[in-house]
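Q: So that we are looking at the same thing, I have put the structure below in structure tokens.
The values are calculated or read from the model by the stated rules, or taken from the named source; none is laboratory data. Only a predicted model underlies this, so the values are computations on that prediction, with no experimental measurement involved. Note: ideal-geometry Cβ built from the backbone for every residue, glycine included; neighbour counts use all protein chains shown.
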Amino acid sequence: MTPNELITQFPPSDAERAAFMLQDFAQISGDAPRSFLDMGAGSGSMSAVIALRFPGIRGVLVDVIARLTYLDLLTKEQRDGLESLNDPEDSRLSDRRFDLVCSMDVLEHIPDWQAALIALKRHVAPAGYLYIQAPSNYPSPNFPTRQVLKNGLAGLFNRHDPRTHVRHGLSVKRIVDAVSEEFDLLVASESYVVDGKTPCKFKPRTHVLARRRA
């Protein structure tokens, strides 16, 4: 199975994240990553794509709720290379470094997201990659202005619907400001088009791929 064949089995939200991720991973050059950390792995969908994108890679998937349903679509050999933990502060993780560290649609939910990002950076090996995705704070240009105003008004009264509200994300500038001293940026964008298609009907996605300086 190829990564793109796997993506066809995802719900729209996961398919969107995966499409951006595969497009961004085209910027990874030289030796392929041999290990990865998926912090906030959720259903395991993105980890499954990574396992197919980089054959032979070994990974650690961290999420407080184990619901790694998409790993069942991998071969036994691929699954055997993946380890699941339910505590980000697990002692087995504390000193480990990885060639690729990913966090997708997680940081925007954490009040002190800067501290969480610092913790992620500690796990990136020299010359390793850090990959972040989050919804943008801003609505997509093709989203109806009337709905943007309605959602913004709901936010004033703390009545957000997480599926539609406007202030629910991170700007690329905030992430770039937090990583640029230690990492070289390969992708830093807030966009709503991937491979010529428009999967983001409501918000652009903030997506950052950076490589730690050796």
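Q: Would region 93-110 turn up any residue that is in contact with a Lys or Arg (Cβ under 6 Å, 6 or more places away or on another chain), small (G, A, S) and at pLDDT 85 or above?
A: Of all residues in region 93-110, those in contact with a Lys or Arg (Cβ under 6 Å, 6 or more places away or on another chain) come to 99, 104.
Next, from what is left, pick out any that are small (G, A, S): none.
No - not one qualifying residue is present in region 93-110.
Q: Okay, moving on. What's the number of the condition D31 fails, among (1) touching a residue at least 40 places away in the same chain (Cβ under 8 Å); (2) within 21 Å of L186 (Cα to Cα)?
A: Single failed check for D31: (1).
Q: Considering only region 18-49, how many residues are in contact with an Asp or Glu (Cβ under 7 Å, 6 or more places away or on another chain) and either β-branched (V, I, T) or in a helix (DSSP H, G or I) (or both)?
A: So the count comes out to 5.
Q: Go through the residues of region 68-75 one by one and say whether even a single one is in a loop (DSSP other than H, G, I, E, B), in contact with a strand residue (DSSP E or B) (Cβ under 8 Å, 6 or more places away or on another chain) and farther than 30 Å from C200 by Cα.
A: No, the conditions are met nowhere in region 68-75.
Conditions (1) surrounded by 12 or more Cβ atoms within 10 Å (Cβ to Cβ); (2) acidic (D, E), marked per residue:
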| residue | (1), (2) |
| --- | --- |
| M104 | yes, no |
| H109 | yes, no |
| W113 | yes, no |
| A134 | yes, no |
| V176 | yes, no |
| E182 | yes, yes |
| K197 | no, no |
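Q: Take D87 and decide whether it is closer than 25 Å to A32 by Cβ and without any contact (Cβ under 8 Å) to a residue 40 or more places away in the chain.
A: On the way: closer than 25 Å to A32 by Cβ: no; without any contact (Cβ under 8 Å) to a residue 40 or more places away in the chain: yes.
Against the criterion (closer than 25 Å to A32 by Cβ and without any contact (Cβ under 8 Å) to a residue 40 or more places away in the chain), D87 does not qualify.
Q: Condition first: under 15 Å from D38 (Cα atoms) and without any contact (Cβ under 8 Å) to a residue 24 or more places away in the chain. Now tell me which residues in region 93-115 satisfy that.
A: Residue satisfying the conditions is S94 alone.
Q: Within region 194-201, is even one residue among the aliphatic types (A, V, I, L, M), under 30 Å from D87 (Cβ atoms) and under 20 Å from the mean Cα position of the chain (by Cα)?
A: no
Q: Kindly evaluate S29 against the criterion of being within 21 Å of R97 (Cα to Cα), buried (at least 18 other Cβ atoms within 10 Å of the Cβ) and of a type in the set (S, T, N, Q).
A: No: the conditions fail for S29.
Q: Of all helices (runs of 4 or more DSSP H) completely enclosed by region 105-214, which ones contain at least 2 residues that are touching a helix residue (DSSP H, G or I) at 6+ places or on another chain (Cβ under 6 Å)?
A: Qualifying helices (runs of 4 or more DSSP H): 113-122.
Q: Can you report the number of residues in region 1-13 which are free of Cβ contacts under 8 Å to residues at least 40 places away in the same chain and either acidic (D, E) or not in a helix (DSSP H, G or I) (or both)?
A: Total meeting the criteria: 3.
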